[in-house]
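None of the figures in this text is laboratory data; all of them are computed from the coordinates on show. Keep in mind that this is a model prediction, so the values were computed, not measured. Because the Cβ atoms are built from the backbone with ideal geometry, glycine has one as well, and the counts that use them run over all protein chains shown.
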Amino acid sequence: MACATVVGSLAMPLSVPEMAELRALADLKVRDDGGTDLTYSVSIKPRSALGALIVWLQINFVSKQRFARAFRNYDELAHGKIELPVREVEFDAPALNRFQAIASRLVADGCDEEVVRRLVLFIQTADDFSLARIRPYELADEWKVSRRTVLETCLRSTREGLLDLQWEVMCPLCRGAKETDRSLRDLSSRVHCETCKIDFDVNFDRFVELTFRPNALLRQVTAHDFCNPQWTPHIVAQQLMPAHSDRQLTLPLEPGRYRLRALELPGGQDVVVKNDGQRTADVSVADAGWPTEELDLATDSTIHLENSTPAEQLLILERLAWSDQSATAAEVTALQIFRDLFSMEALRRGEQISVGTLTILFTDLRYSTQLYREIGDATAFGRVMSHFD
């Protein structure tokens, strides 16, 4: 294995087609003066002798300098000495006129003028990565406005040609989008996640999220998939352990429910964290399965992990709580504005998808017949419709 170790900040990726394996290790240590030392180690396994020579040349004459330069840039960025460059998207006059016309129609339709302004500006200036998966609740929290207001504005924007909606089916383990559909009728009740090696039943309450992206006639967005911790905030820790090895893991944890699992093994170990839990615990991963009893841990505890299997295992500790920034299908489809705007949105015939818990309110107008007789059909009908609204 050819290795390079650099002290500083974040690294730039290596581009070596001859490599068979690449591993990176970032080690952070707090300094007494308040700063942080970052040791970033890169290990590469070449595919051939020629690949070994290319790897050695790139590491020693190219990559070290690039890494060091990237480290210095990120350090200056953290101290506010430099700013990230902003990618400006140029729109011609007709496109700008369309944006203005759409914004005017949305405001006339009852949408909040400031929310419309921010949404249009976001679509015009944000990068493709942010626009490929617009989450209305996330925008609302960032803008410090009502979540319902932003969601309803996004829904109305699809009718005006500003946004397109998309339904994303999320894996219950890695929580990545495993299926993206333009309509509810395209959803399947059972989906496979290649990353986690599981099949799971779709649930409207958690696994189906409504997101948006700009209408292609206004702005073309190129979506790329990245291994980004931003998509997996529920994952607290990961440990890649060789066969028949053990390791100690010390973690500060928030109270709540967790699960410890291995990427290549079915099942997992249930974990509950509370203030008066155990400070130490032993967990052994075996081919025969996981322990059935629940693991009770303190908020500041040490876990002794043992990989008893004959294969390398990636162990993952994850929170079971889901983000409340997801506009789930169960919530969105229950809104009257969604039913009004998307009356044709329905599941494919014969497709059964769990909804979880749904509350239905039933109201009845007492003496409605007498009301029609006393004030007339037209006036009474108007009052009844106002009641339903």
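Observations on the structure shown:
- For the range 139-235, GluC sites (Glu not before Pro) are listed when DSSP marks them as loop and at most 10 other Cβ atoms sit within 10 Å of their Cβ; the list is Glu194.
- Degrees, to the nearest 10: 64-78 long Cα axis against longest axis of the chain: 50
- The value of relative contact order for the range 132-259, using C-alpha pairs under 8 Å at least six residues apart, is 24 percent.
- Over the chain, dividing the summed -39,500 (n - 2.57) contributions of all DSSP H runs of at least 4 residues by the number of residues returns a 222 nm mean residue ellipticity of -8500 deg cm²/dmol.
- Gyration tensor (alpha-carbon) shape descriptor, the range 150-256, a/c threshold 1.5: prolate
- Relative to the longest principal axis of the Cα atoms of the chain, helix 377-388 runs at roughly 20 degrees.
- Stokes-Einstein diffusion coefficient of the range 253-348, Kirkwood radius over Cα pairs, 4 °C, 1.567 mPa s, in µm²/s: 80
- Relative contact order (%) - criterion: Cα under 8 Å, at least six apart; region: the chain: 13
- Share of pairwise Cα-Cα distances greater than 39 Å in the chain is 37 percent (whole percent).
- Tensor-based shape of the range 109-163 (alpha-carbon gyration tensor, a/c under 1.5 rounded, otherwise prolate or oblate): oblate
- Taking 7 Å steps out from each Cα toward its Cβ at Phe381 and Ile198 produces label points 5.4 nm apart.
- Hits among aspartates and glutamates - C-alpha to C-alpha of Lys178 under 15 Å, sequence gap 8 or more where chains match: Glu168, Asp186, Glu194, Asp199, Asp201, Glu209, Asp225
- Difference of contour (0.36 nm per residue) and Cα-Cα distance, Asp32 to Arg47: 1.1 nm
- The trypsin sites (Lys or Arg not before Pro) found in the range 180-214 that occupy coil by DSSP, while having at most 13 further C-beta atoms within 10 Å, are Arg182, Lys197.
- Of the trypsin sites (Lys or Arg not before Pro) found in the range 357-389, those in coil by DSSP whose Cβ has at most 14 other Cβ atoms within 10 Å are Arg366.
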